[in-house]
Number of protein chains: 2
Amino acid sequence: MLKLYSFGPGANSLKPMLALYEKGLDYEQVQLNPAKFEHHSDWYKAINPRGQVPALWDDGKVVTESTVICEYLEDAHPTAVKLRPDDPFERAEMRVWTKWVDEYFCWCVSTIGWHRYVGKMAQDLSDAEFEEKVANIPVYEQQVKWRRARAGFPQDMLDEEMRKIAVSVKKLDEHLRDNEWLVPGMYTLADICNFAIANGMQYGFAELVNRDDTPGLIRWIEQINARPAVKTMFAEVQREIVHEKKELNV
Amino acid sequence: MLKLYSFGPGANSLKPMLALYEKGLDYEQVQLNPAKFEHHSDWYKAINPRGQVPALWDDGKVVTESTVICEYLEDAHPTAVKLRPDDPFERAEMRVWTKWVDEYFCWCVSTIGWHRYVGKMAQDLSDAEFEEKVANIPVYEQQVKWRRARAGFPQDMLDEEMRKIAVSVKKLDEHLRDNEWLVPGMYTLADICNFAIANGMQYGFAELVNRDDTPGLIRWIEQINARPAVKTMFAEVQREIVHEKKELNV
């Protein structure tokens, strides 16, 4: 019996959710509401002490970190649809891409998402309410990020993150102009983990991600959105909190 | 036939080198000299376009990123000594630790190492020599890091990195007081990848890593150093450039 704790089909939560749908594995959906800070509540910190989603519960054991969960599903369900190559070299290629999302691509997109959406959420609270929320956040760096979002991220930080987003988008597009998938020849966790961050950028970052400037990236985003598992997932799972649905990319 | 391109047995280069020794795999040692900027030379960028070590050459194919190389060795040599658990959940636990080194622990230690040792190397060059070196660095963020090292890292950045180092050391120590290895019951890539960064901190960061404050971490560092493969590796492989051997942790 599997349970996925998530914020719904976007950003890091989307990675294991899409892997579960692609693999055809049944699981219970537990959606947390970020606007209610449910991920920092005691009941959830008993599941993931870091107070972060996604987390996968598997018969009493808990796996955290979105990319680790995806690999776990490959290891634990070897007879389901494969999203990881068998060949060791192709598997390494896949991991260079999933590592890059986690260490570079997701952070710059995340900061802009926080600037656009989380800042407002934090500013709507009174000082006392905000401090009470922050006190419940177990990871210090996340406390800092909430404070920055409330105060307003410094412009030089936003500029730097936008620069990194432009670099990221170009890197993906260049590869995808010549290759159907990130690892040549197979739809893998590299695609799923990058799609989780890139999908929606054609709306929220349309000045960078569009048919003229990044045709390879747009083709790949559309191709993944057209997959049966992806269509089923988006039809079945709604994000509980959506500020501006098409632009949300937190 | 395997070849490992590295800076020798320290920091990220140490991860795959130690995995190769523990697994008993023969390989050719190719050591690059960071003080000569050999990793930014054209011949090396033909091997790894990002101009970073380590890189593993395996019969014409090149695997990059230290942690990815370690997992590659497990995948490609399944009959050699195992450094990765078979159980999917334990494997996920291992990956949470290797991911944490790559995303958190290694960066704070690296910045202080650059501040202490690389800054001097950069300052010894003339402006023209320095600009010529920087122009050869393919990753923009590394260019920025070299410029910061030459100018001197801002004190608030150094303070923040030292804070993160203290957090990291405490996290490792708390776990290792109650557990022989990071993944309970087995010496894995989690130990190797964390040891690669932690070893030497008992000298270079003695105010934080010592027998009184971090007995679990010290016990684990000593236990790994006492392993036959580790002793053989350090005896056979010397780092070409060593400013202050005991403290070097770049």
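Evaluate the following for B:Leu56: is it at pLDDT 95 or above, under 26 Å from B:Met94 (Cα atoms) and outside the structural domain of B:Asp124 (by TED's automatic domain parsing)?
yes
Has region B:75-85 got any residue that is aliphatic (A, V, I, L, M) and without any contact (Cβ under 8 Å) to a residue 24 or more places away in the chain?
Yes, region B:75-85 has at least one match.
For every residue, the table says whether it meets (1) among the small types (Gly, Ala, Ser); (2) surrounded by fewer than 19 Cβ atoms within 10 Å (Cβ to Cβ).
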{"residue": "A:Asp86", "(1), (2)": "no, yes"}
{"residue": "A:Ala92", "(1), (2)": "yes, no"}
{"residue": "A:Arg95", "(1), (2)": "no, no"}
{"residue": "A:Lys99", "(1), (2)": "no, no"}
{"residue": "A:Tyr104", "(1), (2)": "no, yes"}
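Out of all the residues in region B:95-117, which are more than 11 Å from every other protein chain (Cβ to nearest Cβ) and of a type outside the set (Gly, Ala, Ser)?
B:Val101, B:Phe105, B:Cys108, B:Val109, B:Thr111, B:Ile112, B:Trp114, B:His115, B:Arg116, B:Tyr117
For a quick check of your reading: which helices (runs of 4 or more DSSP H) sit entirely within region B:111-170 and have at least 3 residues that are outside the structural domain of B:Lys36 (by TED's automatic domain parsing) and either over 23 Å from B:Ile197 (Cα atoms) or of a type in the set (Asp, Glu) (or both)? Spell out how you get there, then give the answer.
Values: elements: B:119-123, B:127-135, B:140-151.
So the answer is B:127-135, B:140-151.
Kindly indicate which of B:Arg163, B:Arg177, B:Arg147 is within 26 Å of B:Tyr44 (Cβ to Cβ) and modelled with pLDDT of 95 or more.
B:Arg147
Looking at region A:26-52 only, could you name the residues that are in a loop (DSSP other than H, G, I, E, B) and of a type in the set (A, V, I, L, M, F, W, C)?
Looking only at region A:26-52, we keep the residues that are in a loop (DSSP other than H, G, I, E, B), and these are A:26-27, A:32-33, A:37, A:41, A:46-52.
Once the filter is applied, which keeps residues that are in a loop (DSSP other than H, G, I, E, B) and of a type in the set (A, V, I, L, M, F, W, C), region A:26-52 yields A:Leu32, A:Phe37, A:Ala46, A:Ile47.
Could you check A:Glu65 against (1) under 19 Å from B:Cys70 (Cα atoms); (2) surrounded by 19 or more Cβ atoms within 10 Å (Cβ to Cβ); (3) acidic (Asp, Glu) and say which number it fails?
Of the numbered conditions (1) under 19 Å from B:Cys70 (Cα atoms); (2) surrounded by 19 or more Cβ atoms within 10 Å (Cβ to Cβ); (3) acidic (Asp, Glu), the odd one out for A:Glu65 is (1).
For region A:127-146, name all the residues that are of a type in the set (D, E, K, R), surrounded by fewer than 18 Cβ atoms within 10 Å (Cβ to Cβ) and within 14 Å of another protein chain (Cβ to nearest Cβ).
A:Glu141
If you check A:Leu56, A:Leu32, which single one turns out to be in contact (Cβ under 8 Å) with a residue 24 or more places away in the chain, touching a helix residue (DSSP H, G or I) at 6+ places or on another chain (Cβ under 7 Å) and away from chain B (no Cβ under 14 Å)?
Answer to the check: A:Leu32.
I'd like the full set of residues that are β-branched (Val, Ile, Thr) and either at pLDDT below 95 or farther than 23 Å from A:Pro138 by Cα (or both), limited to region A:5-43.
Result: no residue meets the conditions.
The values are calculated or read from the model by the stated rules, or taken from the named source; none is laboratory data. Fair warning: this is a prediction, and the values are worked out from it, not measured in the lab. A quick note on method: Cβ atoms are made from the backbone with ideal geometry, for glycine too, and the neighbour counts reach across all protein chains shown.
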